[in-house]
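Below is one structure, written out as structure tokens; comments come after it.
Rule-based calculations on the coordinates, nothing more; no lab input. Note that the structure is a prediction, hence the values are computed from the model and not measured. FYI the Cβ positions are ideal-geometry reconstructions off the backbone, even for glycines, and counts take in every protein chain you see.
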Amino acid sequence: MSDILHKVCCVAYDAELDCVLMAWQGFATSYHFRKIYERVLELMENHNCNKLITDNKHMLTFSPSDQVWLVEEWLPRITAAGLKYSAIIAPALATPKSAVEDVVNKVNPDQIEQRFFASQAEAKEWIKSLR
């Protein structure tokens, strides 16, 4: 089952991979951006999973205040919820790519192993290998 949140992001739990998958399709306001990430946290907690695939290929941008919120508020909670592995498909556009890289660089690699991939298929292969 997947959620379409504000028409810009699909969020789903993949039982076969035991992983939450989010796929951005455009721009979200700060309100919707945070609501989407809260849904990711909820799914991870509900399914007690420790893997996340974030497909940012079609992400347009997100604000500096949302970057701060991700790092200071959401990351500590998702880490406490058990996130151990994060597969990331980088945005195609330079501005959101830079924002994603800034957030990734603030994650403690001893807590969450992160890898970048060119496609969802490659990300899923890595996630499968973690079993």
Which value, in nm² and rounded to one decimal, describes the direction-averaged projected area of the C-alpha convex hull of the chain? 6.9
So which lysines can LYS7 reach, going by Cα to Cα under 20 Å and dropping same-chain residues fewer than 8 places off? LYS35, LYS57
Relative contact order for segment 19-99, counting Cα pairs under 8 Å that sit 6 or more residues apart, in percent: 40
Simple spin-label estimate for ARG77 and GLN114 in nanometres, 7 Å along Cα-Cβ: 1.9
Among the lysines, select those whose C-alpha is under 16 Å from the C-alpha of LYS106, and discard any that sit fewer than 8 residues away in the same chain. LYS84, LYS97
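Can you pull a Stokes-Einstein diffusion coefficient for segment 82-131 at 10 °C (1.306 mPa s), Rh from Kirkwood over Cα pairs, as a whole number of µm²/s? Intermediate values should be presented prior to the final figure.
On the way: Rh = 11.6 Å.
Result for D is 136 µm²/s.
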Can you tell me the relative contact order of segment 4-62? Whole percent, Cα pairs under 8 Å, sequence separation 6 or more. 41
